[in-house]
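Here, each number is a calculation from the coordinates, and none is a lab measurement. From a predicted model like this one, the values you see are computed outputs, not experimental measurements. Every residue, glycine among them, receives a Cβ derived from its backbone with ideal geometry; neighbour counts consider all protein chains shown.
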Amino acid sequence: MSAPPLCHGRVVIVTGAGRGLGRAHALAYAAEGARLVVNDLGVGLDGTPAEDSPAARVAEEIRAAGGEAVAHGGDIATTEGAASLVRTALETYGRLDTLVNNAGFLRDRMLVNLDEDDWDAVMRVHLKGHFLPLRHAAAHWRAEARAGRAPDARVVNTSSGAGLLGSVGQGNYSAAKAGIVGLTLVAAAEMERYGVQVNAIAPAARTRMTERAFADAMAAPGSGFDAMDPGNVSPLVVWLGSAASAGVTGRVFETEGGRITVMEGWRPGPSVDKGARWTPAEAGETARALLSRAEAPGAVYGAL
């Protein structure tokens, strides 16, 4: 007898699921037996409204393959949009098991050309667009736990290598993605008591946001494997969103092609305690000595 699908019976929300990584995640969850709420506002790469409904198309694609899915077109960076997203899962399926925060767009500028609107827009969609769905889902799961119905819930957030190392020309995006890592760590610590695990991924794949950067990263000749296909990221996301990932929380995974890496974040390195106040000259001399013993940071993407 074959094992049941990994996410059989689970109800999964995926934001930004109309295209790219989000669409790949939604299809992969459906293939593993999940019932989907497919969210996408249907905007352009820079966040301006589009005329079609990509969420509805993906939901129909899942239903045509024999799965269960409903579309949600609300703005999850607003309180009402995020609340209605969670409400859609509960009213349609009667439960919520997994939230995958994926929605985002770009407004790239060098810092000297980055205006306040570009900063605010990216922070709103990426960081606030993670916080609000997480907040409303977490409130539901906490209520369930307090009512004696302990959930076995999962959250998968989407950071980026830009948020871990920085990326030239993407100060707003890098800051938002770094903020998502911090939010992930706090949520994992706060929600574990209620049966909720929270992790993050830093994916690299060819999407609308990255197609220029990865235009030449195609399959190796004769290999048949396209390392930049967004579908390569989804298996880890599905596993993290399933009950099979029990005990894994507060972690960040980098994933690209066939590679999965556990990212190890800030932790104490070389240290000296004088036991008294330093003079500026002493502090500088000590800092240089400590740096000589410390590991060099990874290179910022796009740096010369």
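Listing for the model above:
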quantity	calculated
Residue-by-residue Karplus 3J(HN,Hα) for the stretch 254-266, coefficients 6.51, -1.76, 1.60, Hz, glycine and proline x	8, 9, 8, x, x, 10, 10, 10, 7, 7, 10, x, 4
Viscosity 1.002 mPa s, temperature 20 °C, Stokes-Einstein D of the stretch 1-150 from Kirkwood C-alpha radius, µm²/s	134 µm²/s
Theoretical gain in end-to-end length, R146 to R95 [0.36 nm per residue, Cα-Cα removed]	16.8 nm
Distance histogram in 20 Å bins (all Cα pairs of the chain, percent per bin)	32, 54, 13, 1
Rough spin-label spacing in nm, given labels placed 7 Å along Cα→Cβ, for D226 and D115	3.7 nm
DSSP bridge orientation in the chain - percent antiparallel, rounded to nearest 5	20 percent
Kyte-Doolittle at least -1.0, axis length at least 18 Å by Cα - qualifying DSSP helices, the chain	79-93, 129-146, 171-191, 280-293
For the stretch 144-163 versus the stretch 264-282, the gap between their alpha-carbon centres in whole angstrom	35 Å
Exposed-site-free run, longest, the chain (rule: chymotrypsin sites (Phe, Trp or Tyr not before Pro); DSSP loop; at most 13 other C-beta within 10 Å)	1-224
Total charge dipole magnitude, the stretch 1-110, about the Cα centre, Cβ charges on Lys, Arg, Asp, Glu only, Debye to nearest 20	240 debye
The stretch 11-263, relative contact order in percent, only Cα pairs under 8 angstrom and at least six apart counted	18 percent
Principal semi-axes in Å for the stretch 118-213 [√(5λ), Cα gyration tensor, largest first]	29, 13, 11
Positive-end residue of V198, V112, N39, charge dipole of the chain with Cβ unit charges	V198
Debye, to nearest 20: dipole size of the chain, +1 on Lys, Arg Cβ, -1 on Asp, Glu Cβ	800 debye
Ranked by how many other beta carbons lie within 10 Å on average, peptides 174-185, 281-292 from highest	174-185, 281-292
